[in-house]
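The values are calculated or read from the model by the stated rules, or taken from the named source; none is laboratory data. Quick caveat: nothing in here was measured; it's all calculated off a predicted structure. We place every Cβ from the backbone using ideal geometry, glycine too, and count neighbours over all the protein chains shown.
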Amino acid sequence: RVAASFTKQQVSLAWFSGDSAAPWTPHFEVVVIGGGHAGTEAAAAAARCGSRTLLLTHRVDTIGQMSCNPSFGGIGKGHLMREVDALDGLCSRICDQSGVHYKVLNRRKGPAVWGLRAQIDRKLYKQNMQKEILNTQLLTVQEGAVENLILTEPEPEHTGKCRVSGVVLADGSKIYADSVILTTGTFLRGMIVIGLEMYPAGRLGDKPSIGLAQTLEKLGFVVGRLKTGTPPRIAKESINFSILNKQTPDNPSIPFSFINETVWIKPEDQLPCYLTHTNPRVDEIVLENLHLNSHVKETTRGPRYCPSIESKVLRFPNRVHQVWLEPEGMDSDLIYPQGLSVTLPVELQEKMITCIRGLEKAKMIHPGYGVQYDYLDPRQITPSLETHLVQRLFFAGQINGTTGYEEAAAQGVIAGINASLRVRSKPPFVISRTEGYIGVLIDDLTTLGTNEPYRMFTSRAEFRLSLRPDNADSRLTFRGYREAGCVSQQRYERASWMKSSLEEGISVLKSIEFSSSKWKKLIPEASISMGKSVHLRALDVLKYEEVDMELLARAVPEPLKKYTKCRELAERLKIEATYESVLFHQQQEIKDIQRDEALQLPKDLDYLTLKDVSLSFEVREKLHFSRPQTIGAASRIPGVTPAAIINLLRYVKTTQ
Ligand code: FAD
């Protein structure tokens, strides 16, 4: 399926231009630019939705490359992965085939905020992702650098907007498309930095994307600049692990994907991680050499929640920082020192590493480096990720100011679905803040914008207790199946079975009554806070920490035993019981938000000249730039006052 260049015979999925001047110019329904985490999800999603899709990327052998950390998931990020999976996306399934250390974070807190996470074998991930992408029906992959976009003349019936109709490659060849998705990551005018040295590159070993950055700027997109960095890699055999704290993986491993009951590797065969710390000598090396470190001096913003060691030393002086030593893969000789992202000159990086406990004799194989790149202000895109400025042009991933594989994957799947729906003139597929972390991510980006790399956290979501990792399928799989057509029959059936089993299980648990003598045997502590002769529903008994479905089923084998046969079902029933009463109260708040989200603002409102609505010029400017699609979204734009929202609401009601 890889097309080095197009000939009529090679490409069965493209059809060809009717243009007599260029009769063999290929034409796809959806063209995706970039084979990173956003691009692979976007291309696969568009193809799953039934669109003839082309993935155009610099190099096929870097498809699925993990540019920085050898891990997926974490707090908030694990939620995104579950939601991508619920829409039949790829990254969760590929992680279940490639992980080397699975551990759920935040276990001490409630399951709503558990963070599914795993160390991933980089090589395996890339191999498995490439296998998946190259075998996806309706998807063709071609190597090439996109330099320019082909645009139609502005169409008056669409308020003068132009439409993208294809791309131009570096060799001048053209490919026509009905929708185009840009997922170019850190490549737009990318510059690598080590010490005082700076040179153009998208990431180590890859050329930057300059022509495309210029095209976007010329089109009038507002462009900003961000930076990020990666730590050095260390030879495994040069580390003294024997004096460090060892972290073992969970047993059993919790898979990322709803369709997997286990992961590819047993817990006892997984690799450990080790913990060490920085010390005052590390701070000294950083502080004494700031003049040799141009990345630190740059005013461009870096990732707040994944900062470089230099930022940590400057922001939190005299503190010790954790450094996790993480395996890069099953047969890799490299260790990734998480927490040690650095852009000092190479010899100073070596000096810094060797003053850390356990790393005294460490051999640095690759130095750490920083990258600075262009991103596009995400207030220029709609919640379906289509740009306001150019019709049928979509942006997803780091290009929108986010950081992280999971944030990129989440946007990729939504852009792929919407690019495909757009071609078929179907309504956009938008996830609201009340339905998923994907909705929170996209709503934050499109209404608030960002001036630093944006990453997901559970604290960003208002409805954390409803948007749990365990129930992403019941929130999104059915919508994905019915409205987008991006979910396979097999996944749909699995989600339907789980939904009906949960409903049935909950109703059975509500119907069983435990006498006080019976429940006191299971939860003796509870008798202190409750009257002696109270009867409890089995669902209430299950809420207690020490009770699980196994224990309940031992007390009442019939009819409860059957709900313990599937581990996931038993765990989900326990979680449903835990949150039953709080969720009941949250439903009203969710309904209030959904009511505001249902109040659509006309797409082509000209806020700058709009008459009959009292709005300050500042508010008009903000609305003009972000173009919110609903009253709910308008109310979340900073500076748009409650009075302005009431006036807008009146206007919408009188015009609808
Ligand atoms: P990428 O994965 O970067 O993929 C972009 C793809 O687009 C590439 O395949 C590229 O070849 C292709 N491409 C670009 N331009 C063109 C073109 N014109 N034509 C054709 N193909 C093109 N994330 C964190 O969460 N924490 C970190 O600490 C962190 N540190 C990082 C450090 C470095 C040095 C780098 C490079 C990235 C780091 N990241 C970090 C970010 C993480 O790698 C990205 O968030 C994630 O990979 C973004 O996915 P993406 O799909 O948007 O872009």
Among the candidates E310, E347, which residue alone is modelled with pLDDT of 95 or more and charged (D, E, K, R)?
E347
Please enumerate the residues belonging to the range 166-194 that are free of Cβ contacts under 8 Å to residues at least 40 places away in the same chain and either within 11 Å of the ligand (Cβ to nearest atom) or within 24 Å of V413 (Cα to Cα) (or both).
V168
Give the residue, chosen from A145, A86, that is within 24 Å of A419 (Cα to Cα), touching a residue at least 40 places away in the same chain (Cβ under 8 Å), aliphatic (A, V, I, L, M) and more than 15 Å from the ligand (Cβ to nearest atom).
A86
Per-region count, the range 600-655, residues part of a loop (DSSP other than H, G, I, E, B) and within 34 Å of the chain's Cα centre (by Cα)
16
Applying the selection to the range 93-146, what residues are under 21 Å from L55 (Cα atoms), part of a loop (DSSP other than H, G, I, E, B) and hydroxyl-bearing (S, T, Y)?
T136
Matching option when the condition is more than 27 Å from L204 (Cβ to Cβ), more than 7 Å from the ligand (Cβ to nearest atom) and surrounded by fewer than 24 Cβ atoms within 10 Å (Cβ to Cβ), among T53, T25
T25
Unique match (being within 14 Å of the ligand (Cβ to nearest atom) and either free of Cβ contacts under 8 Å to residues at least 24 places away in the same chain or farther than 30 Å from K297 by Cα (or both)) among P200, P232
P200
May I ask you to verify whether E597 is touching a residue at least 24 places away in the same chain (Cβ under 8 Å), acidic (D, E), under 30 Å from K161 (Cβ atoms) and assigned to a helix (DSSP H, G or I)?
yes
Residues A484, A408: which one is over 23 Å from L583 (Cα atoms), of a type in the set (G, A, S) and within 16 Å of the ligand (Cβ to nearest atom)?
A408
Candidate set: the range 266-301, residues that are outside any strand (DSSP E or B) and β-branched (V, I, T); chosen: the one surrounded by the fewest Cβ atoms within 10 Å (Cβ to Cβ)
T299
Residue, farthest from the chain's Cα centre (by Cα), within the range 411-443, restricted to residues that are of a type in the set (G, A, S) and away from the ligand (no atom under 14 Å from the Cβ)
S425
Under the condition of being aromatic (F, W, Y) and part of a helix (DSSP H, G or I), which residue from the range 444-481 is nearest to the ligand (Cβ to nearest atom)?
Y481
Determine whether A47 is buried (at least 24 other Cβ atoms within 10 Å of the Cβ), within 26 Å of Q391 (Cβ to Cβ) and within 21 Å of the chain's Cα centre (by Cα).
yes
Complete set of residues in the range 203-229 that are more than 10 Å from the ligand (Cβ to nearest atom), of a type outside the set (A, V, I, L, M) and buried (at least 18 other Cβ atoms within 10 Å of the Cβ):
F221
